[in-house]
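The values are calculated or read from the model by the stated rules, or taken from the named source; none is laboratory data. Quick caveat, the model's predicted, so the values are computed rather than measured. Note: ideal-geometry Cβ built from the backbone for every residue, glycine included; neighbour counts use all protein chains shown.
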Amino acid sequence: MSSSAVQDTQETLLAQELESARSVALASGLPYAGGVSPTVAWKLVSAGDAVLVDVRSAEELKFVGHVPDSLHVPWATGTALQRNPRFVRELEARLASHGGKGATALLLCRSGKRSALAAEAAAKAGFTQVFNVLEGFEGEIDERQQRGGSDGWRFHGLPWVQD
């Protein structure tokens with residue numbers, strides 16, 4: 001198979017993943033475009049088909065790590081995680097060069113919960129292609145009260161750095 005045929009196949013599969021996420025979101029009554037797994041999110045970003053937006057606090061990025069070349073728009077700020085009242089405006093500004101409110105944006109937080117709230121707020125503000133990255137960066141807390149042992153961006157071995 002030629003490299004262009006492989007690329008076409010990959011693009012078709014990624015489009016199907018997004019369409020599937022939209023269908024699940026619609027059936028579930030989600031107010032935003034849907035959720036994608038960390039591995040699908042990375043494939044979309046790597047292919048240049050989406051922008052990854054980390055919505056965790058600046059402290060989380062610094063002390064826990066982050067995905068290289070992702071955009072940062074905090075949903076909540078500080079150690080108390082107070083809601084960022086400028087979130088929608090900041091998201092719009094950061095996505096302006098990527099298609100604005102029509103950009104395919106994948107929102108990432110620690111476990112997928114804050115990013116779902118952020119995706120909902122973005123959708124209510126007119127963003128049409130905002131998806132939640134399921135599982136988040138660190139994943140859910142396990143029976144030992146630890147994250148990263150069964151799911152999440154880092155668990156899947158996807159690229160990340162810590163400054």
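Looking at the stretch 96-121, which of the residues that are among the charged types (D, E, K, R) and in contact with a helix residue (DSSP H, G or I) (Cβ under 7 Å, 6 or more places away or on another chain) is nearest to Thr77 (Cα to Cα)? Applying the filter and picking the extreme gives Arg110.
Set side by side, the residues Leu81, Leu26, Leu13 differ, and just one is surrounded by fewer than 18 Cβ atoms within 10 Å (Cβ to Cβ), without any contact (Cβ under 8 Å) to a residue 60 or more places away in the chain and at positive phi, which is Leu81.
May I ask you to list the residues in the stretch 46-77 that are small (Gly, Ala, Ser) and either in contact with a Leu (Cβ under 9 Å, 6 or more places away or on another chain) or not in a helix (DSSP H, G or I) (or both)?
If the condition is that a residue be small (Gly, Ala, Ser) and either in contact with a Leu (Cβ under 9 Å, 6 or more places away or on another chain) or not in a helix (DSSP H, G or I) (or both), then Ala47, Gly48, Ala50, Ser57, Gly65, Ser70, Ala76 are the ones that fit.
Residues in the stretch 126-163 that are at pLDDT 95 or above, β-branched (Val, Ile, Thr) and either assigned to a loop (DSSP other than H, G, I, E, B) or more than 22 Å from Ala58 (Cα to Cα) (or both): Thr128 only. Within the stretch 107-125, restricting attention to residues that are of a type in the set (D, E, K, R) and in a loop (DSSP other than H, G, I, E, B), the residue that is surrounded by the most Cβ atoms within 10 Å (Cβ to Cβ) is Arg110.
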